[in-house]
Amino acid sequence: MKIFLQVLILFPLFLFSQSKIDGFVKDEKGEPILGVSVYVDGSTIGTITDENGYFSLLISSESNSILVFRNIGFKSEFYQINKITSTFNVVLKEEIKELKEVVVGQNFFSRKQMLKLFREQFLGINVAGKNCIIENEDEIYFDYDRKTLTLIAYSDQPLIIINNYLGYKIEYQLIDFQCKFGKFSMNSEFVTQFQYAGNSLFTEIDSSSKINKRRQKSYNGSTLHFFRNLISNNWNKKEFTLYEGSFITNPQLHFKQTQIENGMYKIEVVPKKIIGIKERDIVFIKMGQNVGYEQDGKGEEFTRPVIIIKKYTPNMVLVVPLSTTLRDGSFFFQFQFKEKISTALLVQNRMLSSKRLVKKIGKIDELNFKILKEKLIDLIK
């Protein structure tokens, strides 16, 4: 699964330690352009150019955010703020709009159905999302690809979104919107993959204490909060804890983030390697709290080697833990593994979920495995 993440539409970006950034915006003929929107993507920081094409903003020079230049009739330009070192000139190229071909019968769903799906996926279905209004929904166009079961949305004009719940007006330039389904449907229940990208300018319409409390409450624990932590590689366990099964895990092991053009990030879920196991395999497993149908699992997470005695189902295996401490008696069995003597703790045999498996490290030889199983059977008797 891939997620293309631009700053989401509910929350602006706040920048501190500000410094001045200024410059001039001209066309390809060198003429200044009046009224160009210049803003920090996903923030409330913005201005427009004067009759000389001049602009000036107070922005954190250390920010890795994107400065957007947008004007009707021209292609938008994007600059990474922390790479701007002095007054600079921006040239906007004329944009020639091609008329999109309208194919009768192309869409298999009504516009009302597609708009409903768009709102649910784009704005969200939480309280803040449900209280958003897109003032110019007529500017949104839809295509549905029957072969790939994908809904595509686009707009030539910025979407004007009023978020009364959080006190913002947002101008959102939609660059990409794709929603894939697992079956022929226009129901969010069957969405298997969703991505959108764009840039946004926030304007505050209400800054009361009540609204500020809502903003903080809505942001904490949100998808945007999660991905900002992930992208900045500043994982705060006080804010988020990611689990794999019942085990706390490092998010960097499961997500790969790459910055691509226009300040967007590509977030990829790293596929988990499937460990094929058989009897006699010696593997490392995660121990700790119980997983699935296991019983009485408690304590902190740790790893230890075990021998796979029997695989009962694809998800459950019988194992015997190993130790480097030498022990004698009917409860234990010693054998040589990788030029060292290991002790199988027969009395600690147990059923475990295969989700605990971390890494295969070898096998016990057939003769010792046969002896071990015989001792285990005698112990059970």
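Tabulated data for the structure shown
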item: Scope segment 225-250; condition modelled with pLDDT of 65 or more and among the hydroxyl-bearing types (S, T, Y); matching residues; result: S232, T241, Y243, T249
item: Residue, modelled with the lowest pLDDT, within segment 346-381, restricted to residues that are farther than 17 Å from M287 by Cβ, charged (D, E, K, R) and outside any strand (DSSP E or B); result: K381
item: Test for I274: is it under 30 Å from L372 (Cα atoms) and at pLDDT 80 or above; result: no
item: Residue in segment 107-120 that is under 16 Å from Y39 (Cα atoms) and modelled with pLDDT of 85 or more present; result: no
item: Residue, surrounded by the fewest Cβ atoms within 10 Å (Cβ to Cβ), within segment 323-344, restricted to residues that are of a type in the set (A, V, I, L, M) and in contact with a Leu (Cβ under 7 Å, 6 or more places away or on another chain); result: I341
item: Strands (runs of 3 or more DSSP E) contained in segment 289-345 and holding at least 1 residues of a type in the set (K, R) and modelled with pLDDT under 90; result: 302-311, 340-345
item: All positions within segment 336-381 that are of a type in the set (V, I, T) and without any contact (Cβ under 8 Å) to a residue 60 or more places away in the chain; result: I341, T343, V347, I371, I377, I380
item: Flag for N136 being at pLDDT 90 or above, surrounded by 11 or more Cβ atoms within 10 Å (Cβ to Cβ) and polar (S, T, N, Q); result: yes
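Quick grid of which residues meet (1) in contact with a Ser or Thr (Cβ under 9 Å, 6 or more places away or on another chain); (2) not acidic (D, E):
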residue: Q80; (1), (2): yes, yes
residue: E95; (1), (2): yes, no
residue: A153; (1), (2): no, yes
residue: Y165; (1), (2): yes, yes
residue: K169; (1), (2): yes, yes
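The values are calculated or read from the model by the stated rules, or taken from the named source; none is laboratory data. What you see is a predicted model, and the numbers here were worked out from it, not measured in a lab. Cβ: placed from backbone, ideal geometry, glycine included. Neighbour counts: every protein chain shown.
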